[in-house]
Structure formats: structure tokens, C-alpha cells
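Here the structure comes first, spelled out in C-alpha cells, and everything after it is commentary.
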Amino acid sequence: MAILEVENIRKSFGSVLVLDDISFSMEKGTVLSIIGSSGSGKTTLLRCLNFLERPDTGIIRVNGETLLDASFPARDFQRNIRLKRLHFGLVFQSFNLFPQYTALENVTLAEKLLAQEKPDWKEKKSEYHRAIEEHGRELLAEMGLQDRMGNYPHQLSGGQCQRVAIARALALNPDILCFDEPTSALDPELTGEVLRVIRGLAERHTTMIIVTHEMAFARDVADEVIFMDGGKICEQGDPKEVFGNPKQERTKQFLSRFSET
Ligand SMILES: Nc1ncnc2c1ncn2[C@@H]1O[C@H](COP(=O)(O)OP(=O)(O)O)[C@@H](O)[C@H]1O
Ligand SMILES: [Mg+2]
């Protein structure tokens with residue numbers, strides 16, 4: 001069974017149709033790259049998947065469970081929205097770390113808030129916190145940040161901040177981890193360390209959707225690539241095929257523009 005099924009997602013802002021009938025599915029443990037020009041709707045698609053935008057039409061299913069059916073009333077969208085969001089993790093271009101919290105606090109914050117909803121939280125608070133911090137330290141160590149747990153974002157490089165953001169997104173064990181241009185805000189010499197940790201996650205079969213302008217990375221790390229153009233999926237398939245032998249004229253144009261710059 002597919003881990004994610006997206007059917008007929010449409011989204012307009014005012015009179016502008018930004019997502020035009022997007023459908024795709026992905027299998028657990030695979031990596032999907034999404035490429036396309038600026039303005040083609042990539043961020044809006046990730047925001048719809050993460051319940052930050054409500055699509056006008058369409059269905060989103062995770063592990064066979066329908067999380068969104070836009071034909072249902074709008075209030076349905078809000079119902080259990082926090083639970084629905086837990087299926088997805090999102091790593092933003094600009095990290096969005098809390099500046100007033102250390103790396104470890106950024107990673108553990110959401111888990112601690114969730115633990116407060118446990119019936120025995122009051123009695124077992126310190127046990128919960130100890131376990132959550134242990135988990136946070138493990139995740140940061142996995143990101144190569146064992147020496148940086150107590151640092152605040154302003155004391156970290158962009159690459160380190162992004163790795164904290166990845167650890168934070170992993171903390172709640174999402175079914176699908178989404179990246180929106182995770183290296184676009186980084187100096188070129190820092191992109192490598194972030195791409196390396198994402199590659200490591202792919203090797204451990206983390207299910208991921210990666211919007212990126214790093215074409216070589218998209219080709220090498222992904223099992224499937226989608227090229228978006230004007231809010232539509234213009235071309236989709238095996239990265240070796242799409243990059244090596246694009247079928248659509250728009251894909252050819254886009255990829256050639258990339259190899260020039
Ligand atoms: N909240 C919004 N209100 C109005 N227009 C928006 C909003 N968000 C995105 N758009 C428009 O939707 C289109 C797609 O944007 P986006 O999803 O950010 O594309 P991409 O991530 O591929 O660059 C753009 O034309 C953008 O201006
Ligand atoms: Mg974008």
C-alpha cells in the first residue's frame with residue numbers, strides 16, 4: 001500500500017490557479033524529488049500536505065487513512081488538524097528555529113508539549129522529560145551536532161541550523177519528511193553537509209519529499225522525480241530517465257536552463 005496518495009489537488013489564491021489537479025502517490029521508504037521553476041507551486045503543494053493550506057479540491061491519504069477530503073465541509077479541515085499534521089514533518093528553507101531556545105530545546109519542544117497531554121504526565125513529568133531529551137540528543141548526534149546541543153541558533157552556522165531543523169522535524173517520527181529547498185538559504189560551502197545528512201536519511205529509508213534546485217542531488221538521491229510547471233505535474237518518473245532523457249519540451253527547457261547556470 002502507498003504511504004501517501006494525493007488525488008486531484010487544486011488550489012487557487014484569488015483568481016490565480018496555483019495547483020492544477022495534482023495527483024501522485026509514493027511508497028514507504030522512498031524519496032520523491034520535486035523540481036520546477038520558481039512560482040510553479042512547489043511550496044504550496046508542501047503546505048497543502050502539511051495542512052498549512054486547505055486545498056480547494058482533492059484528497060490526501062496517508063497509510064490508507066483519508067486525512068483530507070476537500071469535498072467535506074471546511075470545518076472538517078480544522079478537526080484534529082494537529083494530529084493530521086503529525087504525519088508530516090517540514091523543513092523550511094529558512095530553518096525557522098526558535099532563536100530563544102538552544103538546539104536541544106528546539107528539537108525537544110514539540111515532544112514535550114505533546115507529552116503534557118498524557119494522562120500520567122503530572123506524576124511522570126521528569127521521566128518523560130528525561131526520555132525526550134535523550135531522544136533529542138540522539139537525533140542531534142545523528143545530525144553530527146553532538147557538540148552543539150547547548151548552542152543557540154545565532155551561535156550556529158546556517159548548515160548547523162538546518163541540521164537542527166531536520167532533527168526537530170524527525171523528533172515526532174513523521175511518516176513523511178518534507179523539505180522545501182533545504183539548502184537555498186545556505187552559502188555554497190555549507191550545502192554539502194546538509195545534503196549529506198539528507199542522503200544518510202535516504203539510505204536509512206526515511207520517506208521523504210524533497211523540493212530542491214540541486215539537480216544532481218535530486219537525480220542521485222530520489223527514487224522518483226516530479227517536474228512541476230505552472231501548477232501542474234508536467235513530467236514524472238525515474239530520475240535517470242527524467243534528467244537523462246526528458247520527454248516534455250518544458251522539462252528540456254527547464255533542465256537546459258539549469259545546466260547553463
Ligand atoms: N498566500 C498566497 N497568496 C497569494 N498567492 C500566493 C500565495 N502563496 C503562493 N502564491 C502564489 O502561488 C504561486 C506558486 O507559489 P509557490 O507555491 O511558492 O511556488 P514555488 O514554491 O514553486 O516557487 C506563485 O505565483 C505565488 O505568487
Ligand atoms: Mg517555493
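The values are calculated or read from the model by the stated rules, or taken from the named source; none is laboratory data. Everything numeric in this text was worked out from a predicted model, so none of it was measured. Virtual Cβ from ideal backbone geometry, glycine too; neighbours counted across all protein chains shown.
Which residues, counting only those in the range 116-139, are polar (S, T, N, Q) and either under 18 Å from ALA171 (Cβ atoms) or touching a strand residue (DSSP E or B) at 6+ places or on another chain (Cβ under 9 Å) (or both)?
GLN116
Are any of the residues in the range 179-186 surrounded by 15 or more Cβ atoms within 10 Å (Cβ to Cβ), charged (D, E, K, R), outside any helix (DSSP H, G or I) and within 16 Å of the chain's Cα centre (by Cα)?
yes
Spot the failing condition for ALA165; the list is (1) surrounded by fewer than 17 Cβ atoms within 10 Å (Cβ to Cβ); (2) modelled with pLDDT of 95 or more; (3) assigned to a helix (DSSP H, G or I), and only one is missed.
(1)
Considering ARG54, ARG85, which residue is of a type in the set (D, E, K, R) and more than 13 Å from ligand 1 (Cβ to nearest atom)?
Answer to the selection: ARG85.
I'd like to check something: does the range 72-92 contain any residue that is touching a Cys at 6+ places or on another chain (Cβ under 9 Å), within 16 Å of ligand 2 (Cβ to nearest atom) and more than 27 Å from LEU170 (Cβ to Cβ)?
no
So, ASP187, is that one within 16 Å of ligand 2 (Cβ to nearest atom) and acidic (Asp, Glu) or not?
No.
Give the residues of the range 240-249 that are crowded, with 19+ Cβ neighbours inside 10 Å and part of a helix (DSSP H, G or I), sorted by residue number.
Of everything in the range 240-249, those that are crowded, with 19+ Cβ neighbours inside 10 Å and part of a helix (DSSP H, G or I) turn out to be VAL242, PHE243.
May I ask you to say which residue of LEU97, LEU104, LEU140 is touching a residue at least 40 places away in the same chain (Cβ under 8 Å) and assigned to a helix (DSSP H, G or I)?
Sole residue among the options that is touching a residue at least 40 places away in the same chain (Cβ under 8 Å) and assigned to a helix (DSSP H, G or I): LEU104.
Taking the options SER184, SER157, name whichever one is free of Cβ contacts under 8 Å to residues at least 60 places away in the same chain and not aromatic (Phe, Trp, Tyr).
Selected residue: SER157, the only one of SER184, SER157 that is free of Cβ contacts under 8 Å to residues at least 60 places away in the same chain and not aromatic (Phe, Trp, Tyr).
Specify the residue that is farthest from ligand 1 (Cβ to nearest atom); the eligible residues are those in the range 23-45 that are surrounded by fewer than 23 Cβ atoms within 10 Å (Cβ to Cβ) and of a type in the set (A, V, I, L, M, F, W, C).
Among those that are surrounded by fewer than 23 Cβ atoms within 10 Å (Cβ to Cβ) and of a type in the set (A, V, I, L, M, F, W, C), it is MET26.
Name the residue that is nearest to ligand 2 (Cβ to nearest atom), counting only residues in the range 1-16 that are farther than 20 Å from LEU201 by Cα and touching a strand residue (DSSP E or B) at 6+ places or on another chain (Cβ under 7 Å).
LYS11
Kindly indicate whether LEU52 is within 16 Å of ligand 2 (Cβ to nearest atom) and without any contact (Cβ under 8 Å) to a residue 40 or more places away in the chain.
It is true that LEU52 is within 16 Å of ligand 2 (Cβ to nearest atom) and without any contact (Cβ under 8 Å) to a residue 40 or more places away in the chain.
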